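The structure appears right after this line, and notes come after that.
Computed from the coordinates by the stated procedures, all read-outs in this text should not be read as laboratory data. Small disclaimer: the values here were computed from a predicted structure and weren't measured. Neighbour counts are summed over all protein chains in view; Cβ atoms, including those assigned to glycine, are modelled from backbone coordinates with ideal geometry.
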There are 2 protein chains.
Amino acid sequence: MSVSQLIKIETSGVWTGGVQTEIKVRQFEPFIVDEPKSLGGKDEGPNPLEFVLAGLSSCASVMIALIAKEQKFSYEAVEFKNAGELDVRGLRGVEGVSPHFQSVNLDVFIKTEESDERLEQLKEAVEKRCPVINLLIDAGVNVTSNWIKQ
Amino acid sequence: MSVSQLIKIETSGVWTGGVQTEIKVRQFEPFIVDEPKSLGGKDEGPNPLEFVLAGLSSCASVMIALIAKEQKFSYEAVEFKNAGELDVRGLRGVEGVSPHFQSVNLDVFIKTEESDERLEQLKEAVEKRCPVINLLIDAGVNVTSNWIKQ
């Protein structure tokens, strides 16, 4: 096995009152993370778990681009939908209930003329190597994904 | 134990070429997720794992607000810094290397006149109940956190 190739990922944040936080990543404009009014926020930005799911689709997107290049798999367009379910009793402190996702489903709509078999090979490699998909799987979340050819 | 209280979190996304994706969450303006040029992107937005770490700090922030209220813990300001390390061999497909974080550190700088003992109680409850901290822990990531009174 080759030598470790560690990279470091960093962010910072400032609490801006209520349940709201302003996050800063490298040179980019800071962005607001908040909660809907139903969860006690002012609803001025997506919430923390929505950013985790944003990370899921975008991570799958990076991996599709990377692996399609390796496999010489051609595609014209991709769209993503995902949905996670969690039981809010966990974050409210009820013993025995996980505070994070019970299940997450990812739908991948891909416009391609490649065969179903080649699409299955791409899917398998993405699911094996995508950091965010594997973070969820390793945490015991029931992850399902549907890849739909357009 | 009380009855499940499931909530659903959803996002969608569109691949916008290269390794870039535009993500849409509820009524908010879509935002760009990309990779730095060193990782093959155009660097027009934070990358997927930076959004996961944004989710970490902001989730801790929500939980601090929620639990401080329960514990009548008063504080004036909070700032966050976090950093995660991963071995990129995992996402490149090297067998036996996890594609996600090996370790994540979270620093919480909190301005408060509460005692160290009360701060420790707050920290323990946040670490036990925060969805994103527990997602990382359950995935086997080595999570450390330092809470520093200002």
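Can you name the condition, by its number, that residue B:74 falls short on among (1) more than 21 Å from the chain's Cα centre (by Cα); (2) farther than 30 Å from residue B:116 by Cα; (3) hydroxyl-bearing (Ser, Thr, Tyr); (4) not in a helix (DSSP H, G or I)?
The failed condition is (2).
Among the candidates B:129, B:89, which residue alone is more than 21 Å from residue A:25 (Cβ to Cβ), out of contact with any His (no Cβ under 7 Å at 6 or more places or on another chain) and in contact (Cβ under 8 Å) with a residue 24 or more places away in the chain?
The unique qualifying residue is B:129.
Out of all the residues in the range B:13-25, is one or more assigned to a helix (DSSP H, G or I) and surrounded by 24 or more Cβ atoms within 10 Å (Cβ to Cβ)?
The answer is no, given that none of the residues of the range B:13-25 is assigned to a helix (DSSP H, G or I) and surrounded by 24 or more Cβ atoms within 10 Å (Cβ to Cβ).
Can you find a residue that is of a type in the set (Phe, Trp, Tyr), surrounded by 16 or more Cβ atoms within 10 Å (Cβ to Cβ), in a strand (DSSP E or B) and within 20 Å of the chain's Cα centre (by Cα) anywhere in the range A:40-56?
There is no residue in the range A:40-56 that is of a type in the set (Phe, Trp, Tyr), surrounded by 16 or more Cβ atoms within 10 Å (Cβ to Cβ), in a strand (DSSP E or B) and within 20 Å of the chain's Cα centre (by Cα).
From B:132, B:104, B:108, which residue is among the β-branched types (Val, Ile, Thr) and facing chain A (nearest Cβ under 7 Å)?
Checking each option against the conditions leaves just B:132.
Going through A:65, A:125, A:83, A:60 one at a time, which residue ends up being of a type in the set (Gly, Ala, Ser), assigned to a helix (DSSP H, G or I) and under 12 Å from the mean Cα position of the chain (by Cα)?
Result: A:60 is the single residue among A:65, A:125, A:83, A:60 that is of a type in the set (Gly, Ala, Ser), assigned to a helix (DSSP H, G or I) and under 12 Å from the mean Cα position of the chain (by Cα).
Restricting to the range A:42-86, name every residue that is among the charged types (D, E, K, R), out of contact with any Phe, Trp or Tyr (no Cβ under 6 Å at 6 or more places or on another chain) and either touching a residue at least 12 places away in the same chain (Cβ under 8 Å) or more than 7 Å from chain B (Cβ to nearest Cβ) (or both). Walk me through how you get there before you give the answer.
Kept after step one, since they are among the charged types (D, E, K, R), are these residues of the range A:42-86: A:42-44, A:50, A:69-70, A:72, A:76, A:79, A:81, A:85.
Subsequent filtering for residues that are out of contact with any Phe, Trp or Tyr (no Cβ under 6 Å at 6 or more places or on another chain) retains A:42-44, A:50, A:69-70, A:72, A:76, A:81, A:85.
Those that are among the charged types (D, E, K, R), out of contact with any Phe, Trp or Tyr (no Cβ under 6 Å at 6 or more places or on another chain) and either touching a residue at least 12 places away in the same chain (Cβ under 8 Å) or more than 7 Å from chain B (Cβ to nearest Cβ) (or both): A:42, A:43, A:44, A:69, A:70, A:72, A:76, A:81, A:85.
State which residue is nearest to residue A:49 (Cα to Cα) when the search covers only the range A:4-35 and only residues that are polar (S, T, N, Q) and more than 7 Å from every other protein chain (Cβ to nearest Cβ).
Applying the filter and picking the extreme gives A:20.
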